Structures are given as C-alpha cells and as structure tokens.
Amino acid sequence: MKRRDIIKSALLGTGAAISGNTVAQSHASVSTSSTNASSAESSRALLFDTHQRETVTILSDLIIPATDTPGAKEADVAAYIDLILNDGDDEPRESFLSGLGWLDGYALRTHGNPFVRLTTDQQIALLGSLDNPTRSDLGPGGQFFEQIKQLTIEGYYTSKIGIDELNKYGVPNSYA
C-alpha cells in the first residue's frame, strides 16, 4: 500500500475529508497554481519570515513529495500552514515556531548547517530521527514533527490538488 493511500484512509477514517470543505474554501483563497506559486509566496506571508517559509516548504515537500501527482510544494501547503497558525490559537502557533527554531538548532548541532542548507539525504535522515515523539532526548523535536506532519496532511488534502487526487477515480455511487 502506498503512503498516500494510508494517509487517505486515515483522513477518511477520522472524517477529515467530510469536514474539509470549509477548510478547503479557506485554503483555496491562499492556493495558487504551481506556475505562479513562487512569486506569490513571498508577498502573502502572514506569520512566517522568508527563512521559516522556506523551511516549511521543504518540510512539507519531504512529507508529501511530488510523485505521479503534485506534492505539497505544488499545493502550496506552506501558505495553508501560515494561514492556520496565524489565525489560530496562540499555543499551537508558539509551539510550531519554537519547533522551527529547534529544528534549525538540531540541524546545526548534528550537521553544521541550518535545515534548509542540508542536502536532501541529510534532511530525510534528520526527519527520520524525529519520527519518534516518545524520545525524550529530542526535546520538542518529536512533537514538532508530529505537528508539521498533521498540518501538511490537512493542507494537502484540503487544497484543490489534494481534493482532485482524492477524487481522481470518481466518487462511488454506493459503498456496498
């Protein structure tokens, strides 16, 4: 089973796909086509500075990369995360921003460069080490990685690209 199939099943199981219409409408207002996404990214940041936006774009694209369908970068998931955190409650926003800072510190300690300056292989290895939220030696790293994964999944599957992928084989007439 493909990773995307697992993610779709998880979303459908929690009802997120059903309640996603409201979020999709909000997300549609910040989504752009992949041809003009890079020029629009810098002009519409609400919360993130340029470095944070670049980090979130890379992180989300590593979580849902482009395959035979567009990935998180093409769906402009970073804009969704920026919007949700900017307009949402203080605690998740502060936790996320703290996690972004922690991630760069961790990358500097382990590889001598901030996360965005690591090679793709180093970025993947670093994220692999964070994919265990119960490791106490990671501080906020494991919790941050869980938060960015959840936001990336929500952002992707509430974007036009994600909804189109969910519906690319049509909607079944019955479930029998």
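The values are calculated or read from the model by the stated rules, or taken from the named source; none is laboratory data. Quick caveat: nothing in here was measured; it's all calculated off a predicted structure. Virtual Cβ from ideal backbone geometry, glycine too; neighbours counted across all protein chains shown. Protein only, heavy atoms only, side chains kept; ligands, DNA and RNA dropped before computing areas. Shrake-Rupley method; radii C 1.70, N 1.55, O 1.52, S 1.80 Å.
Rundown of residues vs (1) open to solvent by less than 40 Å² (accessible area, probe 1.4 Å); (2) part of a helix (DSSP H, G or I), yes/no style:
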site	(1), (2)
Ser60	yes, yes
Thr67	no, no
Ala72	yes, no
Ala75	yes, no
Ala79	yes, yes
Asn86	no, yes
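Filtering the stretch 106-116 for residues that are within 14 Å of Phe48 (Cβ to Cβ), open to solvent by 40 Å² or more (accessible area, probe 1.4 Å) and over 16 Å from the mean Cα position of the chain (by Cα) leaves an empty set.
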